[in-house]
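K.L.:
Okay, handing you the structure first.
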Amino acid sequence: MIHINNFANGALNPALSYVVSCVGCFLGLRCTTRARAHQGAARARWLTLAALSIGTTGIWVMHFIAMLGFAIPGQIIRYNVPFTILSMVIAVVVVGIGVFIVGFSRRAGNGPLLLGGTILGLGVASMHYLGMGAVRVDASLTYSYGLVAASVIIAVIAGTAALWMALRLDSVWSTFIASLVAGVAVNGMHYTGMAAVQAHAAPGLVVNTADTAGATAFLLPLILGLSGVGFIFSAIIALSPTAAEIVEEGELMKRIGQSQAAQAAQAAQSQAGRYEPRGWQPPPSQPYQPYQAPGDEPEPDEPGSLFRPRRPSDQRLMLAISA
């Protein structure tokens, strides 16, 4: 059996993969909080952004940043490009299925949460092992089934916990703490799965290098590009209204609509009950004569305020009208 090194660059790859995973999960959870404040198509759009954030940055980019530290002595590791892209698509799709199940379910209880978490966990595990299936080396790779089962269980628990957090957490601080926990779970699943990998020498094995690329030439640009997309998501989320602001705006528009409807009903009722006899004329207008007690002096102008303009005294008003 050939020794496998999952930490060829020391702690650099685990640290970077953890940070990137936390960022992706944080963005996805903030998208779900906004999704809960919407209905219909708007909710679907925010849930789609959540699936993209968690599936690409939180899971897929984390996996392949960690894989940049994967090395087998004397072996050149290449990756099958179609399999690698397919693993990213699977990550996004399964996360999307999970968040849409809990985001649009009308059933009470934990049934939708457990179903969505199980689908999400199995999808994450499938992404991991499909990504490992993209590895091309001049050796035979096998797996320890006990550790594979443990990694799948961790993935299901992590997926269920992520969906629970998406349904329960609202504040930025609680989402930040939840993203740290989710990052631990995702990285724990990855390195448990990597501990299950065993490499054996296979003399005479011919590796098909068609549609393959090296890690530096293929994975690194793709990781940087998806990280840039993550920054775009960050800007969108930062500039968009928070869930509390969305709810407050909806309540305000509802009250405005109710007020306008009440005013329209009152105007229609007064118009229906109005009666004017023929020949009626309004009484003649009387000149304005302010009351002034004997010996009183004209009052000075009132200063007013920002919301109440300055009001002239009665005597100055009469002088202005007569002029």
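K.L.:
Near the amide H of D138, under 5 Å away, which other amide H atoms are found, from residues 5 or more places off or on another chain, if H is placed in the peptide plane?
P.N.:
I76
K.L.:
Tell me, in nm to one decimal, what length is gained between Q263 and H200 on full extension, where the rule is 0.36 nm per residue of separation less the Cα-Cα distance?
P.N.:
So the extension gain works out to 14.5 nm.
K.L.:
If you plug each phi of the range 15-22 into the Karplus form 6.51 cos²θ - 1.76 cosθ + 1.60 with θ = phi - 60°, what whole-Hz ³J(HN,Hα) values come out, in order, with x for Gly and Pro?
P.N.:
5, 5, 5, 5, 4, 5, 5, 4
K.L.:
Round to a whole angstrom and tell me the spacing of the C-alpha centers of the range 27-102 and the range 138-183.
P.N.:
Result: 12 Å between the Cα centres.
K.L.:
Using only C-alpha positions, report the orientation-averaged shadow area of the convex hull of the range 42-103, nm², one decimal. It would help to have the intermediate numbers written out before the result.
P.N.:
On the way: hull surface 18.5 nm².
Its average projected convex-hull area is 4.6 nm².
K.L.:
Now for a different question. Between A213 and Q39, how high is the FRET efficiency from 1/(1 + (r/R0)^6) when r is the Cβ-Cβ distance and R₀ = 56 Å? Nearest 0.05.
P.N.:
After rounding to 0.05, the efficiency reads 0.80.
K.L.:
Could you work out what % of the accessible surface of the range 137-194 is carbon and sulfur, using a 1.4 angstrom probe and leaving DNA, RNA and ligands out of the count?
P.N.:
Of the solvent-accessible surface of the range 137-194, carbon and sulfur hold 77 percent.
The values are calculated or read from the model by the stated rules, or taken from the named source; none is laboratory data. Given the structure is predicted, the values throughout are model-derived calculations rather than measurements. Neighbour counts are summed over all protein chains in view; Cβ atoms, including those assigned to glycine, are modelled from backbone coordinates with ideal geometry. Please note that ligands, DNA and RNA were not included when accessible areas were found on the heavy atoms of the full protein model with its side chains. Shrake-Rupley method; radii C 1.70, N 1.55, O 1.52, S 1.80 Å.
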